[in-house]
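Quick notes on the structure that follows.
The values are calculated or read from the model by the stated rules, or taken from the named source; none is laboratory data. Computed from a prediction, not measured in an experiment: that's the story for all the values here. When we count neighbours, we look across all protein chains shown, and the Cβ atoms used for this are built from the backbone with ideal geometry, even at glycine.
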């Protein structure tokens, strides 16, 4: 009986490890652009951040990146049931905390619309992987809480969001 209890405890303790092994970061190196720069940063009032005539002091900086094309290498997962997540990393260059960042996107094909703060991931696709390269374009917007900017980062914030795939056992 003692052996069975030990095995049951070991099985329960390793279950989360097995589930984590089914998640992997997707390779997006086939995407046309490795870096995307926002053409303009405006306040929540729609004015440039340096506009001193603004009626109220801005609380947020908003960067609209426009349509960003992704090509995700999904060949290793062909024929498998999977979920794909958009991940916003916890650490963002130029910000004090992950709560100072929110990414919002609109899918232009197979990915669902959504938003996530730093340190979060959101489901954007679920199904059976049918193609070796999954192509999708997202209309991306980044919102930064200006009070969360690090003092020397007033010139910029850099975030490297990515995609993860979770394959069903």
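Looking only at the stretch 141-150, decide whether some residue is in a loop (DSSP other than H, G, I, E, B) and modelled with pLDDT of 90 or more. Within the stretch 141-150 (the criterion being in a loop (DSSP other than H, G, I, E, B) and modelled with pLDDT of 90 or more), the answer is no, since none of the residues qualifies. When residue 111 is tested against the conditions (1) assigned to a strand (DSSP E or B); (2) surrounded by 15 or more Cβ atoms within 10 Å (Cβ to Cβ); (3) under 14 Å from the mean Cα position of the chain (by Cα), the lone failure is (1). Under the condition of being crowded, with 16+ Cβ neighbours inside 10 Å, touching a residue at least 24 places away in the same chain (Cβ under 8 Å) and either out of contact with any strand residue (DSSP E or B) (no Cβ under 8 Å at 6 or more places or on another chain) or not in a strand (DSSP E or B) (or both), the residues counted in the stretch 90-108 number 3.
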